[in-house]
1. Checking Ser100 against (1) of a type in the set (Ser, Thr, Tyr); (2) within 15 Å of Val137 (Cα to Cα); (3) more than 20 Å from the chain's Cα centre (by Cα), which test does it fail?
2. In region 69-83, is there at least one residue being over 16 Å from the mean Cα position of the chain (by Cα), among the charged types (D, E, K, R) and surrounded by fewer than 10 Cβ atoms within 10 Å (Cβ to Cβ)?
3. Suppose we filter region 68-112 for residues that are assigned to a helix (DSSP H, G or I) and either more than 24 Å from His31 (Cα to Cα) or not charged (D, E, K, R) (or both); how many remain?
Amino acid sequence: MRATIDTGRPRAASPSRRGDVGRVLSGDVHHVYTARATFPEPVNAAVFQLTCSPVHNKVQRSMRPLFVMAWWRPLAAVLRRLMFRSPHIDPLPVEWRTVSGPYFGNAIATLRTNGRKAEMVVERAEPGPRLVPLTTVALTDRRPSGRRGGDRGPE
């Protein structure tokens, strides 16, 4: 994955498959969000970070403003500039844009695939037998994930 980020070119899933495909499933704590990567040059595959906290991992109300502030783009830009002034940290040629979230509280995310289409469905877990829909994010639009041509990714 680091090679993909450094080069801005996702690798094919296997030598026999045509096209740029990459998959990494990972998790985070305390909230749910979806972010999309934009690269300095267009790439052929959309690159997303899909994150869903496990059930029963609520953020205390007193901590939520800190989480929200951490997602505030102007503050993130200032912190990123300060961080990359260090001689020990190399900037990555990728920028992440929030597509959905952050959502707090208990949630369940489902990755739905159908042929070449994919979407992430996030539902809030509440008492009772049903889940409450929060968001659905389409993951397979064909727009290049790059900045050229005015495409800066979702805001």
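The values are calculated or read from the model by the stated rules, or taken from the named source; none is laboratory data. Source: prediction; values computed, not measured. When we count neighbours, we look across all protein chains shown, and the Cβ atoms used for this are built from the backbone with ideal geometry, even at glycine.
1. Going through the list (1) of a type in the set (Ser, Thr, Tyr); (2) within 15 Å of Val137 (Cα to Cα); (3) more than 20 Å from the chain's Cα centre (by Cα), Ser100 breaks only (3).
2. For region 69-83, residues over 16 Å from the mean Cα position of the chain (by Cα), among the charged types (D, E, K, R) and surrounded by fewer than 10 Cβ atoms within 10 Å (Cβ to Cβ): absent.
3. Restricting attention to region 68-112, the residues satisfying the condition of being assigned to a helix (DSSP H, G or I) are 68-70, 73-83.
Adding the requirement that they be either more than 24 Å from His31 (Cα to Cα) or not charged (D, E, K, R) (or both) leaves 68-70, 74-79, 81-83.
So the answer is 12.
Residue-by-condition table, conditions (1) modelled with pLDDT of 85 or more; (2) in contact with a helix residue (DSSP H, G or I) (Cβ under 9 Å, 6 or more places away or on another chain); (3) under 15 Å from Tyr33 (Cα atoms):
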residue	(1), (2), (3)
Leu82	no, no, no
Ser86	no, no, no
Pro93	no, yes, no
Met120	yes, no, yes
Ala125	no, no, no
Gly128	yes, no, no
Arg148	no, no, no
